[in-house]
Amino acid sequence: MRTMTETGAGATPSPQDLDLDTVRGDLAAALLAEPGVLRVEPTLAGMVRAWSADPAPEDLIRIAVQDGTADVALHLAVQGLPARLVAHRVRDLVRRLLREHGLDTGSVEVSVLTVEGAAPVPETVG
């Protein structure tokens with residue numbers, strides 16, 4: 001884990017000082033708040049690595065940084081909205097959050113691994 005050095009109020013940390021765990025945490029929180037995103041999914045390899053644990057969403061987001069440019073890969077389960085629309089909105093969200101953290105965007109791989117049916121509508125009585 002790389003740590004962030006102290007910066008002045010409102011200053012953007014330089015990429016070499018950035019804590020990638022913070023970036024992953026911010027990404028995970030924003031993703032789970034995005035309409036249509038049900039959860040961040042592990043890949044099969046990720047499932048095997050975390051066989052005995054239930055990984056946190058931020059642990060399922062891969063970020064590789066080289067010379068201030070971040071490549072991101074994540075896998076989602078979606079519900080309700082068209083999967084393609086959700087994937088495009090998530091890609092845009094990732095790019096925006098990377099900029100907020102002072103990183104340039106390289107590749108952003110958003111894979112939809114699961115599409116679940118619409119949430120059940122509660123039955124009304126009356």
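Of note:
- A Cβ distance below 8 Å, combined with a sequence gap of six or more or placement on separate chains, defines the contacts here; from segment 67-82, residues that are buried (at least 19 other Cβ atoms within 10 Å of the Cβ) reach residues that are outside any strand (DSSP E or B) and polar (S, T, N, Q) in the pairs 75/43.
- Failed criterion for residue 24 (all others in (1) at pLDDT below 65; (2) surrounded by 12 or more Cβ atoms within 10 Å (Cβ to Cβ) hold): (1)
The values are calculated or read from the model by the stated rules, or taken from the named source; none is laboratory data. Please read all numbers here as calculations on a predicted model, not as lab measurements. Don't worry about glycine lacking a Cβ; one is built from the backbone with ideal geometry, like all the others, and counts go over all protein chains shown.
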